[in-house]
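What follows is a set of notes on a single structure, which appears directly below.
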Amino acid sequence: KTATEVGGDYYDFNVSLDNLYMLNLGSRDMEKTFKSSNYLKIVKYMYKRYSFVPLVVQNPSQEYLQENFIKDYLVPNSCEYCKLKSLSIEEIGAMMKIAKFIITPDTGLLHIASAVKLPTIGLFTYTPVDEVIPEDNIFESLNEAWFDSSDSFNLKANKSMESFVAKI
């Protein structure tokens, strides 16, 4: 099942609002993003283990990331999701009030989430995590090197996810 598209009506979901999190796929620097197959591993893990459903963010000028991820990964794997339309920064802030947490590469959304105290899982490819860890927010980091070719996380990524969920 999939949720309805969201834009102006934030309450129009086919899923429980209690289990929504934001999933940001994009970054101005594409080297900061994970492979789509690794995003899928995260989505499947969060749903299977905790029944969390992603609000898939649409990034301006990177709409293809959201479209391709939904079409090529979420739909074929029967994953529940909410597809966000292009939102203003104010609307992103409103979505952050609805979301339980955010999963995002090291981008502006990571820093905004920290500023509004939204629990955050930061995705890192090459940026040193120590440079961006927020001082007063629930935060966990994942490194793409922790993902292997199997359909699941390695032990280090799994422990990071469990530690994060226990805090929220």
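One line per residue, one yes/no per condition, for (1) modelled with pLDDT of 85 or more; (2) touching a strand residue (DSSP E or B) at 6+ places or on another chain (Cβ under 6 Å); (3) not in a loop (DSSP other than H, G, I, E, B):
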{"site": "11", "(1), (2), (3)": "no, no, no"}
{"site": "18", "(1), (2), (3)": "no, no, yes"}
{"site": "28", "(1), (2), (3)": "yes, no, no"}
{"site": "34", "(1), (2), (3)": "yes, yes, no"}
{"site": "38", "(1), (2), (3)": "yes, yes, yes"}
{"site": "41", "(1), (2), (3)": "yes, no, yes"}
{"site": "45", "(1), (2), (3)": "yes, no, yes"}
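Give me a count of the residues in the stretch 49-65 that are assigned to a helix (DSSP H, G or I) and over 23 Å from residue 145 (Cβ atoms).
Result for the stretch 49-65: 3.
Residue-by-condition table, conditions (1) over 21 Å from residue 45 (Cα atoms); (2) of a type outside the set (S, T, N, Q); (3) at pLDDT below 90:
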{"position": "76", "(1), (2), (3)": "no, yes, no"}
{"position": "86", "(1), (2), (3)": "yes, no, yes"}
{"position": "95", "(1), (2), (3)": "yes, yes, yes"}
{"position": "102", "(1), (2), (3)": "no, yes, no"}
{"position": "105", "(1), (2), (3)": "no, yes, no"}
{"position": "123", "(1), (2), (3)": "no, yes, no"}
{"position": "126", "(1), (2), (3)": "yes, yes, yes"}
{"position": "129", "(1), (2), (3)": "yes, yes, yes"}
Inset, instruction - Give the number of residues within the stretch 72-87 that are open to solvent by 20 Å² or more (accessible area, probe 1.4 Å) and not in a helix (DSSP H, G or I). - result: 10
Inset, instruction - Please go through the stretch 94-114 and pick out each residue that is in a helix (DSSP H, G or I) and open to solvent by 30 Å² or more (accessible area, probe 1.4 Å). - result: 94, 97, 98, 108, 111, 112
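The values are calculated or read from the model by the stated rules, or taken from the named source; none is laboratory data. None of the values given here were measured: they were computed from a predicted structure. Cβ atoms come from the backbone with ideal geometry, glycine included; neighbour counts cover every protein chain shown. Surface areas here come from the heavy atoms of the whole protein model, side chains and all, with no ligands, DNA or RNA. Shrake-Rupley method; radii C 1.70, N 1.55, O 1.52, S 1.80 Å.
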